[in-house]
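This report refers to the structure that appears directly beneath it.
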Amino acid sequence: MTTLDLSYPSTPDARPKFLKSLHIEQVALEVRRQLGAESRPGLELKELAGIDRLRVNGVDYEVWTDIDHVVHDDEGTEVLGVFEFTPASSIDAVSISASPVSETRREEVVLSSFAHEFGHGIFDAPHLIVGAHAPSLFDSDAVEVRAFRAVTDTPAHLNGQAATLPDHVRFAEWRANEFMGLLLVPRDLLVECVTAEATRCSVEIKYQPSVCAPSARDFPELVVTDLVSLPEITRAVAAVFGVTAKFIAVRMKKYGLIPADVIVH
């Protein structure tokens, strides 16, 4: 089993400050470093599920994981994943669960779902745990600490959040999604794999100053003169990282390897 020690800018009550993608990238890369996966593209679901304790900004808590049983929302409907904090327990702990691979749940989607929920475990759990220990305003009053549950119901949940959600919910889901993408497909490792695959497919590459600082080198941009080659590239790279081709296409756009308006079939 594995313990991770992580940090990011936070308030005195352990609530994340307004984190930018760069802050989340640093956390994701540190998770990989502590797992010994800095230079390895693909992460295994079992190694993520093997993380059983987190120390985040000095807050220490257990992580209870489950990837063997189907999980459900509050109405009893099967869902992809769930992050839970139950203050009734006397142990500082959070639960992170993902429904297992099945005929309707691909391995890549299960991995993405679990990584998303783990993002909640890193960025939302410390504040919840600190809040559970906060003293009451009046000594005679019991402190009411609410349980917290975040549910990933469908793959669409992993692609973005509706603007109609409350800001604190939308930001929490954005952090979890951003962490998922940066953890499973780190920028520099994707650059290396895409560059190699593009060269194999004879797709032109030009180099430009990095658009995703910090970077030790100029950043490649694919000059897609043959759109037929792009799906071939994303499929090949997806197999290396253990995610879907759509996942790779999204990361390529976020990292500036291909224009945002390019459609990848």
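The values are calculated or read from the model by the stated rules, or taken from the named source; none is laboratory data. A quick note: this is a predicted structure, and the numbers were derived from the prediction, not measured. Here the Cβ positions follow ideal geometry from the backbone for every residue, glycine too, while neighbour counts run over all protein chains shown. Ligands, DNA and RNA are excluded from the accessible area calculation, which covers all protein heavy atoms including side chains. Shrake-Rupley method; radii C 1.70, N 1.55, O 1.52, S 1.80 Å.
When residues of region 200-230 are filtered for being modelled with pLDDT of 85 or more and open to solvent by 70 Å² or more (accessible area, probe 1.4 Å), how many remain? Spell out the reasoning first.
Of the residues in region 200-230, the ones modelled with pLDDT of 85 or more are 200, 230.
Still in the list and also open to solvent by 70 Å² or more (accessible area, probe 1.4 Å): 200.
Counting residues in region 200-230 that are modelled with pLDDT of 85 or more and open to solvent by 70 Å² or more (accessible area, probe 1.4 Å) gives 1.
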Discussion item. Among the residues in region 165-186, are any farther than 29 Å from Phe123 by Cα and either modelled with pLDDT of 75 or more or open to solvent by less than 20 Å² (accessible area, probe 1.4 Å) (or both)?
Written reply: no
Item to complete: For region 8-18, enumerate the residues that are open to solvent by less than 80 Å² (accessible area, probe 1.4 Å) and closer than 25 Å to Ser97 by Cα.
Response: Tyr8, Ala14, Pro16
Discussion item. Please verify whether Ile233 is aliphatic (A, V, I, L, M), modelled with pLDDT under 95, surrounded by 15 or more Cβ atoms within 10 Å (Cβ to Cβ) and in a helix (DSSP H, G or I), treating the condition exactly as stated.
Written reply: yes
Item to complete: Check region 19-26 and report whether any residue there is exposed (fewer than 14 other Cβ atoms within 10 Å of the Cβ), of a type in the set (S, T, N, Q) and modelled with pLDDT under 95.
Response: no
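Residues checked against (1) at pLDDT 90 or above; (2) more than 20 Å from Val59 (Cα to Cα):
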{"site": "Val70", "(1), (2)": "yes, yes"}
{"site": "Phe83", "(1), (2)": "yes, no"}
{"site": "Ser97", "(1), (2)": "yes, yes"}
{"site": "Pro100", "(1), (2)": "yes, yes"}
{"site": "Arg105", "(1), (2)": "no, yes"}
{"site": "His127", "(1), (2)": "yes, no"}
{"site": "Ser140", "(1), (2)": "no, yes"}
{"site": "Thr152", "(1), (2)": "no, yes"}
Worksheet item: If a residue has to be within 16 Å of the chain's Cα centre (by Cα), under 19 Å from His120 (Cβ atoms) and either of a type in the set (D, E, K, R) or open to solvent by 40 Å² or more (accessible area, probe 1.4 Å) (or both) to count, how many in region 35-58 make the cut?
Response: 1
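Before we move on, is Ala249 of a type in the set (Gly, Ala, Ser), farther than 19 Å from Leu29 by Cβ, open to solvent by less than 30 Å² (accessible area, probe 1.4 Å) and modelled with pLDDT of 75 or more?
Working: of a type in the set (Gly, Ala, Ser): yes; farther than 19 Å from Leu29 by Cβ: yes; open to solvent by less than 30 Å² (accessible area, probe 1.4 Å): yes; modelled with pLDDT of 75 or more: yes.
Answer is yes for this residue.
Tell me whether region 68-76 contains one or more residues that are more than 17 Å from the chain's Cα centre (by Cα) and among the aliphatic types (A, V, I, L, M).
yes
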